[in-house]
Amino acid sequence: MNAMHGIAAAMLLATLTTPAIGEVYRHVDAQGNVTFSDEPMDGGEAIKVKPVTTVTLPKPQTVEETDKLREEVKREGAVYDSVSIVSPQNGQAFNSGSGDVRFEVTSNPELQSGHKYEVTLDGQPVGQSTSSSIVVNNVYRGTHEARAYIIDEKGVQVKAGSSISFTVHRPSVLR
């Protein structure tokens with residue numbers, strides 16, 4: 001028990017004699033030269049230093065796992081020859097009072113178990129389905145870019161189709 005008291009006393013003494021961590025002092029001399037130090041100076045002032053941003057690099061094991069994932073995605077995507085949007089057609093313009101757009105997607109071969117179609121509109125995912133039809137509601141008027149993907153059960157894109165462009169016409173409140 002006396003050994004424990006000795007260790008506790010040594011730790012307390014070390015804590016009390018340790019200088020304050022992170023103290024920085026700034027001093028400006030008569031010529032306007034600025035000096036920074038970790039020790040107090042006559043005429044100097046203590047300043048607060050913001051924490052330093054650090055970046056932790058991934059461990060080699062994590063990089064290897066990423067390579068394995070890329071190989072798995074490549075293997076899964078190789079099963080498909082193609083995925084594409086068949087409706088609306090590329091360059092098509094159409095009226096949609098509500099702004100609803102029905103995307104018809106196809107792949108060769110057909111979708112495998114556990115996989116889904118995903119449609120992106122202007123670069124943002126807007127719908128997923130195991131069926132070949134995905135409806136997106138309230139699409140703004142104007143020209144948009146859409147693209148179909150096949151995603152696996154983990155939500156990882158394994159096959160990408162070509163993008164298409166289409167234009168939605170909607171009635172205006174002003175007319």
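The values are calculated or read from the model by the stated rules, or taken from the named source; none is laboratory data. The shown structure was predicted, so the numbers you read here are calculated from the model rather than taken from an experiment. Glycine gets a Cβ as well: all are built from the backbone with ideal geometry, and neighbour counts include every protein chain shown. Calculation scope for accessible area: heavy atoms of the full protein, side chains included, ligands and nucleic acids excluded. Shrake-Rupley method; radii C 1.70, N 1.55, O 1.52, S 1.80 Å.
On the given criteria, is VAL168 touching a helix residue (DSSP H, G or I) at 6+ places or on another chain (Cβ under 8 Å), in contact (Cβ under 8 Å) with a residue 60 or more places away in the chain and open to solvent by less than 50 Å² (accessible area, probe 1.4 Å)? Criteria not met by VAL168. For the stretch 104-140, the set of residues classified as in contact with an Asp or Glu (Cβ under 8 Å, 6 or more places away or on another chain), loosely packed, with under 12 Cβ neighbours inside 10 Å and within 16 Å of ALA160 (Cβ to Cβ) consists of ASN108, GLY123, listed by residue number.
Only residues that are in a loop (DSSP other than H, G, I, E, B) and under 12 Å from VAL119 (Cβ atoms): list them for the stretch 157-174, please.
GLY161, SER163
If you scan the stretch 54-95, which residues turn out to be of a type in the set (A, V, I, L, M, F, W, C), outside any loop (DSSP other than H, G, I, E, B) and modelled with pLDDT of 70 or more? Matches in the stretch 54-95: ALA78, VAL83, ILE85, VAL86, ALA93, PHE94.
Note on the stretch 75-91: residues that are farther than 15 Å from SER133 by Cβ, open to solvent by less than 70 Å² (accessible area, probe 1.4 Å) and not acidic (Asp, Glu) amount to 5. Looking at the stretch 96-108, can you tell me whether even one residue there is outside any strand (DSSP E or B) and either among the aliphatic types (A, V, I, L, M) or under 27 Å from the mean Cα position of the chain (by Cα) (or both)? Scanning the stretch 96-108 turns up no residue that is outside any strand (DSSP E or B) and either among the aliphatic types (A, V, I, L, M) or under 27 Å from the mean Cα position of the chain (by Cα) (or both). Restricting attention to the stretch 141-164, does a residue exist that is open to solvent by 50 Å² or more (accessible area, probe 1.4 Å), farther than 21 Å from LYS74 by Cα and without any contact (Cβ under 8 Å) to a residue 40 or more places away in the chain? Yes: the stretch 141-164 contains one or more residues that are open to solvent by 50 Å² or more (accessible area, probe 1.4 Å), farther than 21 Å from LYS74 by Cα and without any contact (Cβ under 8 Å) to a residue 40 or more places away in the chain. Entry remark, the stretch 19-41: residues being at pLDDT 85 or above, loosely packed, with under 10 Cβ neighbours inside 10 Å and of a type outside the set (Gly, Ala, Ser) number 4 in total.
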